[in-house]
Amino acid sequence: MDGEPVRLEIRRALTDRRGAVHAGAFIRERRIAFDAKLAADPKEFDRIFVHEIFHFVWLRLGNPRRWSYEALLCEEMRSRARGELGWSAEWRKGALEACDAGRRTRRWREYVCESFCDTAAWIFSGVSAHPEYTLARRFCERRRQWFQESDVSNRISI
């Protein structure tokens, strides 16, 4: 990875506007806060860490690659793909309305970003199995291929 340092913090009882969370990325501050409970589960910490780092990657990805990833998700929707590669994307996917993708609503854009970060965690964290990995294998492999073809699997700028 290339980029300025990102400060990591451990917090007790970490929350956001929706309630308890495992972690949160503060992009402008170049900071990631983790809930202290993650220290007890190294594999879960790894998965969440990679997810949060990829929020920084998403910001620097550029519109053409972000739009390309959106197109991949639109194709999944047309194929009626169920499931996701993490809860943060899963619950957002479940909250989407039929018009969100076409209108590129905030709900849609947040889902796309979380899906990207959850997919990155699935690919790069070393956690090969997890109860939150509910997306069918064929869609998982298409996402892995997208990461490879989009050059996100090589040198990453954060």
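The values are calculated or read from the model by the stated rules, or taken from the named source; none is laboratory data. The structure presented is a predicted model; accordingly, all values stated were derived computationally and were not measured. Using ideal geometry, Cβ is built from the backbone for each residue, glycine included, and neighbour counts are taken over all protein chains shown. Each accessible area value is taken on the protein alone, full model and side chains, heavy atoms only, with ligands, DNA and RNA left out. Shrake-Rupley method; radii C 1.70, N 1.55, O 1.52, S 1.80 Å.
List of remarks:
- For the Cα trace of the stretch 37-95, dividing Rg by the Kirkwood Rh returns an Rg/Rh value of 1.05.
- Sites count as exposed loop sites when they are GluC sites (Glu not before Pro), lie in a DSSP loop, and have at most 14 other Cβ atoms within 10 angstrom; the longest stretch of the chain without one is 30-96.
- Each Cα pair under 8 Å and six or more residues apart adds its separation to the average, and for the chain the resulting relative contact order is 28 percent.
- Treating r as the C-beta distance of residue 148 and residue 20 and R0 as 35 Å, the FRET efficiency rounds to 0.50.
- If the chain linking residue 74 and residue 136 were pulled fully straight, counting 0.36 nm for each residue of separation and taking away their Cα-Cα distance, it would gain 20.8 nm.
- All Cα-Cα distances of the chain, cut into 10 Å bins from zero to the largest, leave 10, 41, 38, 11, 0 percent in each bin in turn.
- Over all other residues within a Cβ to Cβ distance under 14 Å of residue 96, the charged ones net out to +2, with Lys and Arg as +1 and Asp and Glu as -1.
- Cβ-placed point charges (K, R +1; D, E -1), dipole of the chain about Cα centre in debye, nearest 20: 360 debye
- For the chain, a Gaussian network of Cα nodes joined below 10 Å ranks 28, 143, 65 by mean-square fluctuation, and the top entry is 28.
- Per-residue extension of 0.36 nm, minus the Cα-Cα distance of residue 12 and residue 157, leaves a gain of 49.2 nm for this segment.
- Stretch gain in nm, segment residue 29-residue 60, where the contour uses 0.36 nm per residue and the Cα spacing is subtracted: 9.7 nm
- Residue 137 contributes an accessible area of around 140 Å² to the protein surface, as traced by a 1.4 Å probe with all chains present.
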